[in-house]
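The values are calculated or read from the model by the stated rules, or taken from the named source; none is laboratory data. Since the structure is predicted, the reported quantities are computational estimates derived from the model, not experimental observations. Heads up, the Cβs are rebuilt from the backbone with ideal geometry, glycines too, and the neighbour counts pull from every protein chain shown.
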Amino acid sequence: MVQASDPDILSDFIPPSSNPNGVDGNFFTFTGLRGIFNQAPTTFKDTKVSNAEFPALNGQSVSLAILQFPAGGVNPPLTHPRATGLLFVVGGSLEGLVHYQYNANANANEPATAIAAFGSANPGTALLPITLFASGVDDEILAKSFKTDVATIQKLKAGLAPPKA
């Protein structure tokens with residue numbers, strides 16, 4: 001059995017091991033969201049605020065992400081292996097479930113914005129299309145699992161391949 005979780009919250013914060021005595025106001029200040037709404041994105045944009053971007057969250061069991069969708073923008077099916085999530089749509093409209101979102105508006109002037117909050121400072125993200133079709137799982141197994149044929153699986157995999165330089 002494998003188990004992962006944030007440490008129990010036993011103190012207000014966990015100082016960085018690299019400089020435990022150097023904690024000042026800068027340690028508790030995150031500026032990565034400044035100006036985020038000044039320009040609408042042309043592709044789906046996921047701005048994360050987890051312990052990787054904001055070390056003061058280490059041990060706090062919380063994080064968030066700002067999700068920005070242009071018209072037609074999609075956040076593909078995904079999971080957060082180390083967290084539960086909560087999604088607030090704060091502008092525009094989205095269709096889908098908690099673990100995929102799609103802005104179905106055809107009008108480029110109708111973007112959507114959402115805030116995702118997580119019960120972990122390091123929720124992780126596993127994008128299902130890549131996890132499934134770019135993982136090295138045999139084409140025959142994927143075809144049987146999805147009740148399709150190998151040719152369809154190979155078309156899906158080709159669509160996920162990185163562009164050739």
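Of all residues in the stretch 16-40, count the ones that are of a type in the set (Val, Ile, Thr) and touching a Pro at 6+ places or on another chain (Cβ under 9 Å). Qualifying residue count for the region: 1. Restricting to the stretch 7-53, and then to whatever is part of a loop (DSSP other than H, G, I, E, B), among the polar types (S, T, N, Q) and modelled with pLDDT of 85 or more, can you tell me which residue is nearest to Ala83 (Cα to Cα)? That would be Ser50.
Let me confirm something: among Leu78, Leu87, Leu94, which residue is assigned by TED's automatic domain parsing to the domain that holds Ala52, surrounded by 13 or more Cβ atoms within 10 Å (Cβ to Cβ) and in contact with a His (Cβ under 6 Å, 6 or more places away or on another chain)? From the options Leu78, Leu87, Leu94, the qualifying one is Leu78.
Yes or no, residue by residue, for (1) within 13 Å of Phe44 (Cβ to Cβ); (2) free of Cβ contacts under 8 Å to residues at least 40 places away in the same chain:
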position	(1), (2)
Leu67	yes, no
Pro70	yes, no
His80	no, no
His99	no, yes
Ala104	no, yes
Ala108	no, yes
Thr113	yes, no
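Could you list, in sequence order, all residues of the stretch 54-65 that are of a type outside the set (Val, Ile, Thr), in contact (Cβ under 8 Å) with a residue 40 or more places away in the chain and assigned to a loop (DSSP other than H, G, I, E, B)? Asn58, Gly59, Gln60, Ser61, listed by residue number.
For the stretch 115-131, a residue qualifies if it is touching a helix residue (DSSP H, G or I) at 6+ places or on another chain (Cβ under 7 Å), within 28 Å of Lys144 (Cβ to Cβ) and of a type in the set (A, V, I, L, M, F, W, C), and exactly one does: Ile130.
Per the listing Ala83, Ala56, Ala4, Ala71, the residue uniquely out of contact with any helix residue (DSSP H, G or I) (no Cβ under 7 Å at 6 or more places or on another chain) and either more than 30 Å from Leu156 (Cβ to Cβ) or at pLDDT 90 or above (or both) is Ala71.
Residues in the stretch 126-165 that are over 30 Å from Gly85 (Cα atoms), modelled with pLDDT under 85 and hydrophobic (A, V, I, L, M, F, W, C): Ala165 alone.
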